[in-house]
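Readers should treat all values here as calculations from the given coordinates under stated rules, not as data from a laboratory. Nothing here was measured: the structure is a model prediction, and the numbers come from that model. Backbone-built Cβ (ideal geometry, glycine too); neighbour counts: all protein chains shown.
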Amino acid sequence: MSNKPSQLQKGDPTTTGHEWDGIQEFNNPLPRWWLWTFYACIAWGIGYTIAYPAWPGISAATPGLLGYSSRAEVAEEIAAVETRNAPVNERLEGVELASVGDDAELYSYAVSSGAAVFRTWCAQCHGSGAGGVQASGYPNLLDDDWLWGGDIDAIHQTIAYGIRNEEYDDARYSAMPAYGDMFTAEEISQVVNFVQTLSGGTANDPAQVEAGSVLYADNCAACHGEAGEGDITQGAPNLADAIWLYGGDYAALTYTVTNARFGIMPGWQDRLSEAEIRAVALYVHQLGGGQ
């Protein structure tokens, strides 16, 4: 007589009735320890949703009986850090910017905290490495080409008040005329061809360079200089160094001369503390292009 168990049939009370590829599922009860663990997890989950913020509402989630808030916890941690840094921030605010470098500890702190400020508030436009966005109006802060000056005090003022914004009377301001309203298309082409040669480039049409030089001298040299060297006191860019904020090819220069450019930078005077503005100014200054 065989000792093998008889083959289970569908509907057998010891199976669930499920079958797959000849394999049947036993209807055995779950281990008692597993069930109690499962029930405990359910109870814990219900308790958690009562004690902590959990259920979404129309305007906010339920606050929970314990009143816990991750935002409040972060705010407390930030406040604690600011309290610890308060003495050194007071020192940073109380000294001349040009002399911060004389205090190695203070300078190290300023550059480190300035890097954090830059990555938080400035990198969106100037790039995480401060290299700007080529031909898009966001300047490279690594080179030595500055529209308004690259010494530490000039950088501080630019950061504090911004450029061409309506928030501050002390914002940097300059406006290039749109020569499309004053020049013919041929005259614009002439002056663009001349400007191309200022930085050692090749004109799109060399035959127009001479006429363009006359137009440039009469209309552009007052701001950009006779040789195109620019004027940082009025934010007039250097046209002779082959560094272009909006692009230096024929099409880009034609658009600039025709329509002008009017880039805007926000001022940070009311967004950042004076210590943060000084720190990020020192950080930008030491990147390599500070004067």
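Evaluating 6.51 cos²θ - 1.76 cosθ + 1.60 at θ = phi - 60° for every residue in the range 187-192, the Karplus couplings come out as 5, 4, 4, 5, 5, 5 Hz, glycine and proline recorded as x.
As a length-normalised measure over Cα pairs under 8 Å and 6 or more apart, the relative contact order of the chain settles at 21 percent. If you bin all the Cα-Cα distances of the range 135-291 at 10 Å, starting from zero, the percentages per bin are 11, 37, 30, 16, 5, 0. Footprinting exposure proxy ranking of C41, C220, C125, fewest other C-beta atoms within 10 angstrom first, gives C41, C125, C220. Under a model in which nothing but the beta-carbon of Lys, Arg (+1) and Asp, Glu (-1) is charged, the chain shows a dipole of about 1980 debye around its Cα centre.
For T15, the residues whose modelled amide H falls within less than 5 Å of its own, excluding neighbours fewer than 5 places apart on the same chain, are N27. Per-residue extension of 0.36 nm, minus the Cα-Cα distance of E105 and A260, leaves a gain of 51.3 nm for this segment. At 222 nm, what helix-only mean residue ellipticity would the chain give, in deg cm²/dmol to the nearest 500, using -39500 (n - 2.57) for each DSSP H run of four or more? After summing the helix terms and dividing by the residues of the chain, the value is -14000 deg cm²/dmol. Cα gyration tensor of the chain, axes a ≥ b ≥ c as square roots of the eigenvalues: rounded (a/c below 1.5), prolate (a/b > b/c) or oblate? In terms of gyration-tensor shape, prolate. Maximal additional length on extending the A185-W148 stretch stands at 10.2 nm, based on 0.36 nm per residue less the C-alpha distance. Extension gain, W55 to I78: 0.36 nm times the residue separation minus the Cα-Cα distance gives 5.6 nm.
With R₀ set to 41 Å, the beta-carbon distance separating E167 from N204 gives a calculated FRET efficiency near 0.55.
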